[in-house]
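Asker: To start, I am sharing the structure in question, which I have written as structure tokens.
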Amino acid sequence: MLTRFRPQRRDRGTGMAPGFRGLPPGCCYPACWPTIAACTMPASIRSSLRLASTLVALALPLPHGAAAAGSTTPALQPRIAALLHEQGLPGAVWTTLDAQGGAGVRDARSGAAMRGDERVLPGSIAKTVLATGILRLVTERRLALDTPVAGLLPGLEFDNRWAASDPVRIRHLLDHTSGLDDARFWQVFTMQARADAPLAAAFPPGRGLLRSRHRPGTRVSYSNMGYTLLGMVIETVTGQRYEHYLDTQLLAPLGMRDSTFGFVTQHGDRRLAMGHFEGGATQPVTPSYVRPAGQFTTTAADMGRFARFLMSDGRVSGKPFVDPVLLGQMGEPAGTEAARAGLGVGYALGLRKVDRHGVVAKCHSGNTIGFRAMLCLFPSTRQGFFLAINGDSETADYHRFDALLIGALGLHTPVPARPAAPAFDTGAWHGWYVPAPNRFDSMRFLDHAFGFLHVTGDGTSLRIAALQSADIVLRHAGEGLFQAPGKLLPSHALLTLADGTRVMTNGTQSHEQVSMAGLLALWASIAAGMAGLAAILVMAAMRLARRKLSARDPLCVPFAGVLALLLPLPLFYRQSFLQLGDVTAASVVLAATTAALPLAMLVGLAAAVRRPSRPVADMAVLAAVLQLALVLAAWGLLPLRLWM
């Protein structure tokens, strides 16, 4: 789940931002959001020994409370501890399925050591566990993957223009292919949500929240809203709160006695590690409107049990529990444009197929208040790991922990040399691409204007340039498939839709080709508007310094309007970032000042027109700001109401 606002960038956990680097907003972006399959691994003696221990563990589950710090792999604990110190992170718990441990501290304020049996918050990994609960209902024939969701939740307002032929189905929610937005600020950044609130509170009528932005089933777009709907589906089918059903009918049979979907806080559970941000700032957990998407408390030992079950035959105590065919389909994308084009990586039924660090795995990352986590499975060798870090940092490199655990499992595979692929005519693919859809609909303007890709090629490779990262060169891997450096599988696919639209996808994010003229017009609008704002400040300040800024001056009211944009800043500084989506003094003032901005420009223009001299410079800067205000209003960003 997304836990705090960050500018659009490459998400280290998901790699789903514009550069198509691989795996997460969210993710998990934020997740994220915030991207992920199985491959053959070398069957060394070491892997065989681990496989044997895993099979024994499947037959004889660890007893309750067996995950103690003393059971950790001796060589792994100091390496993780050293990496935590190097990255400036407080602590971590982990399991490699045959061993688990802890390192660092559980709470920076007390300095108490992080033990291997501490409870943690794995964030969006809750989606994988909830998805397994849905598959349990499908196995029991109480639900079907192709069941339309609208029929199960008649009280909600779905907006799907393809509903007649392609309604949003259970499968689409599980696969993030419903086309729904990820989340709104108020659904995540809030201090108003109650732990016992009905899930329908996340979807108040009249907000237009459940709009499918593409044909359901065709493209992946990570959605916390989608998994919140799955929680509501569980409640409809079972007649119970989803937390109770999953705790009693899924977690308990799997032996996950230290895990719960119920709301747990550090104040109420002394075993729950504290969450942290940069500088060791602590942050206890708070309720969320989209809680099925990320509210989950667990331990490393329980996640080891869960991982072993996902790679099993689906039986519990010798009886069928989840159809093994469904378990095998988790992390195996099918039906999307990317999958039909031959791309193997992607999201399916609660897991993602990811190709990184010299391995292909089925994984899910998690990001919640003060925590980062990763669950990865390697079904071909029955290996896996779970890692949870009680620190959410903008500067830490969390991938290094994943690489460390993959190395400890002995799974890294050198990238094989591949024969040259036949030439591919890339000429038609040169140009500019924007996210379609982007993850957060409320940020669509920013992603369209600044999350673009520029693609060029030479017949055997494609070069992708993005505003926020270094260029990447993709090698042609046959047909419309291309492969990023260091990958074992093709990482990107090029598609041409029936209407001629060209699409580039990495399995979890699609970009559509757009005209350069449209982007240039948008960039020119932004540049002119920002230049106009700066000019108003400078010109009005100079007149004020010379005592020539009267109430009748065309820049007087606009100058006040621009300065008013600064009023919310100290108010936001004094409130928690978790209130970003609440109706507070800061958010109300922000909405009022942004709404007043175009009015202030109109007042200034009217004053300029009435002047005999008709000041051209004044009229130009006022018109520049006004046109940007109108563009922002057309994109739904003016007035800026964070609670919508």
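Asker: Given the criterion under 27 Å from the mean Cα position of the chain (by Cα), surrounded by fewer than 16 Cβ atoms within 10 Å (Cβ to Cβ) and not acidic (Asp, Glu), identify the matching residue among 163, 113.
Answerer: None of the others qualify; the one that does is 163.
Asker: Of the residues 590, 571, 537, which single one is modelled with pLDDT of 95 or more, in a helix (DSSP H, G or I) and over 30 Å from residue 370 (Cβ atoms)?
Answerer: 537
Asker: With (1) in contact with an Asp or Glu (Cβ under 7 Å, 6 or more places away or on another chain); (2) modelled with pLDDT of 95 or more; (3) farther than 23 Å from residue 77 by Cβ as the list, and residue 336 as the residue in question, which single condition is left unmet?
Answerer: Going through (1) in contact with an Asp or Glu (Cβ under 7 Å, 6 or more places away or on another chain); (2) modelled with pLDDT of 95 or more; (3) farther than 23 Å from residue 77 by Cβ one by one, residue 336 breaks only (1).
Asker: Additional query: Taking the conditions exactly as written (surrounded by fewer than 21 Cβ atoms within 10 Å (Cβ to Cβ), in a loop (DSSP other than H, G, I, E, B) and of a type in the set (A, V, I, L, M, F, W, C)), does residue 520 satisfy them or not?
Answerer: Considered against the rule, which asks whether it is surrounded by fewer than 21 Cβ atoms within 10 Å (Cβ to Cβ), in a loop (DSSP other than H, G, I, E, B) and of a type in the set (A, V, I, L, M, F, W, C), residue 520 comes out as no.
Asker: For residue 513, work out the one condition from (1) at pLDDT 95 or above; (2) surrounded by fewer than 18 Cβ atoms within 10 Å (Cβ to Cβ) it doesn't fulfil.
Answerer: Exception for residue 513: condition (2).
Asker: Considering every residue within the stretch 554-566, establish whether at least one is under 33 Å from the mean Cα position of the chain (by Cα) and not in a helix (DSSP H, G or I).
Answerer: The answer is yes; a qualifying residue exists.
Asker: Are any residues in the stretch 257-310 assigned to a strand (DSSP E or B) and not polar (S, T, N, Q), and if so, which ones?
Answerer: Matches in the stretch 257-310: 272, 275, 276.
Asker: Residues to consider are 623, 586, 595; find the one that is more than 27 Å from the chain's Cα centre (by Cα), aliphatic (A, V, I, L, M) and within 30 Å of residue 201 (Cβ to Cβ).
Answerer: 595
Asker: Please find, among 226, 217, the residue that is under 26 Å from residue 364 (Cα atoms), at pLDDT 95 or above, in a helix (DSSP H, G or I) and small (Gly, Ala, Ser).
Answerer: 226
Asker: Sticking with this one: How many residues does the stretch 574-587 contain that are farther than 18 Å from residue 188 by Cβ and outside any helix (DSSP H, G or I)?
Answerer: Number satisfying all stated conditions: 0.
Asker: Then there's this: For the stretch 317-343, which residues satisfy the criterion of being surrounded by fewer than 21 Cβ atoms within 10 Å (Cβ to Cβ) and not in a helix (DSSP H, G or I)?
Answerer: 317, 318, 319, 320, 323, 332, 334, 335, 341, 342
Asker: Still on this model: Restricting to the stretch 284-294, what's the tally of residues that are surrounded by fewer than 24 Cβ atoms within 10 Å (Cβ to Cβ) and in contact with a helix residue (DSSP H, G or I) (Cβ under 8 Å, 6 or more places away or on another chain)?
Answerer: So the answer is 1.
Asker: Restricting to the stretch 399-416, name every residue that is over 20 Å from the mean Cα position of the chain (by Cα) and not in a loop (DSSP other than H, G, I, E, B).
Answerer: 403, 404, 405, 406, 407, 408
Asker: Right, residue 543: over 30 Å from residue 450 (Cα atoms), of a type outside the set (Val, Ile, Thr) and either assigned by TED's automatic domain parsing to the domain that holds residue 446 or assigned to a loop (DSSP other than H, G, I, E, B) (or both) or not?
Answerer: no
Asker: Mind listing just one residue for me: the one in the stretch 417-473 that is modelled with pLDDT of 90 or more, under 20 Å from the mean Cα position of the chain (by Cα) and of a type in the set (S, T, N, Q) and, of those, surrounded by the fewest Cβ atoms within 10 Å (Cβ to Cβ)?
Answerer: The selected residue is 442.
Asker: Kindly list, by first and then second residue, each pair from a residue in the stretch 239-251 that is over 16 Å from residue 322 (Cβ atoms) and modelled with pLDDT under 95 to a residue that is of a type in the set (S, T, N, Q) and part of a helix (DSSP H, G or I), limited to pairs with Cβ atoms under 7 Å and residues at least 6 apart or on different chains.
Answerer: That search, which allows pairs on different chains as well, returns nothing.
The values are calculated or read from the model by the stated rules, or taken from the named source; none is laboratory data. Keep in mind that what you see is a predicted model, and the values were worked out from it rather than measured. All Cβ positions, glycine included, derive from the backbone under ideal geometry; neighbour counts span all protein chains shown.
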